[in-house]
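> This structure is in structure tokens; I'll ask about it shortly.
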Amino acid sequence: MKKIGLIALACAFILCACGNDEPDDPAQVPRTQDGNGKVFLEKGKLVDATINYSQAQLIDALNHYEWVQEYAFYYDNKTASGKTKIPGLPIKMHTNATIEYDSEIPIVKTRQMTIDGKVITATMRFDPISSTYYPPEKYTVIALDMSQNTGRIVMDRKLPYEVKGYDAASLHARMVWKAVIP
């Protein structure tokens, strides 16, 4: 009887030690892939989205609506986090081709926005009396969904720094934006 108990205990220990495929951080979940008219959002949730749009459609959306970042999250090739505050990302896109950051410094707060295909580039305005300079930042618009008086943009940025629990080589921030009628 003792042998059966020891064997059962050993089997339970082995089963508990194997198969831990869950991420270390409970806020992370295995990431799905974009494609076939769907994009992943926070925690890998797949939603319907228009991923085949033209540069003209993107320019039209940016010219006719103000855009406010609803939320952002981290992801890498394996996992996606839940909604989280990510410093240094833009918070608004304006119809006057500017992009706004959460900063009290005017030269840093508002940057010029240009569009090339599905890439938005934010560039600081040159100020000859300022020693502050940030290089241009590129954002890839993954999805553009427009309907009457509303819209959503899903946009990514490759992050140039490390975040604990994520692969630095494939670390991105994904932002979800909401259209606002000016």
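The values are calculated or read from the model by the stated rules, or taken from the named source; none is laboratory data. Model, not experiment: these values are computed from the prediction. For neighbour counting, all protein chains shown are included, and Cβ atoms are generated from backbone atoms with ideal geometry for every residue, glycine included. Heads up: the accessible areas ignore ligands, DNA and RNA and are worked out on the full protein's heavy atoms, side chains in. Shrake-Rupley method; radii C 1.70, N 1.55, O 1.52, S 1.80 Å.
> So, in the stretch 95-113, of the ones that are in contact with a Pro (Cβ under 9 Å, 6 or more places away or on another chain) and β-branched (Val, Ile, Thr), which residue ends up farthest from Tyr53 (Cα to Cα)?
Among them, the one singled out is Ile99.
> For the structure I just gave you, tell me whether Lys83 is touching a helix residue (DSSP H, G or I) at 6+ places or on another chain (Cβ under 7 Å), modelled with pLDDT of 95 or more and not aliphatic (A, V, I, L, M).
Spelling it out, Lys83 is indeed touching a helix residue (DSSP H, G or I) at 6+ places or on another chain (Cβ under 7 Å), modelled with pLDDT of 95 or more and not aliphatic (A, V, I, L, M).
To keep it simple, each residue is scored yes or no on (1) open to solvent by 50 Å² or more (accessible area, probe 1.4 Å); (2) among the small types (Gly, Ala, Ser).
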| residue | (1), (2) |
| --- | --- |
| Lys38 | yes, no |
| Glu42 | no, no |
| Ala61 | no, yes |
| Asp76 | no, no |
| Leu89 | no, no |
| Lys92 | yes, no |
| Ser103 | no, yes |
| Gln112 | yes, no |
| Ile120 | no, no |
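> Among residues belonging to the stretch 126-161 that are among the polar types (S, T, N, Q) and under 28 Å from Tyr53 (Cβ atoms), point out the one that is surrounded by the fewest Cβ atoms within 10 Å (Cβ to Cβ).
Gln148
> Kindly evaluate Glu42 against the criterion of being of a type in the set (Asp, Glu) and in contact (Cβ under 8 Å) with a residue 12 or more places away in the chain.
Considered against the rule, which asks whether it is of a type in the set (Asp, Glu) and in contact (Cβ under 8 Å) with a residue 12 or more places away in the chain, Glu42 comes out as yes.
> Looking at Thr132, Thr95 in this structure, which one is at pLDDT 95 or above and farther than 20 Å from Ala173 by Cβ?
Thr95
> Next question. So Leu171 clears everything in (1) open to solvent by 10 Å² or more (accessible area, probe 1.4 Å); (2) modelled with pLDDT of 95 or more; (3) within 24 Å of Tyr74 (Cβ to Cβ) except one condition, right? Which one?
Among (1) open to solvent by 10 Å² or more (accessible area, probe 1.4 Å); (2) modelled with pLDDT of 95 or more; (3) within 24 Å of Tyr74 (Cβ to Cβ), the lone unmet condition for Leu171 is (1).
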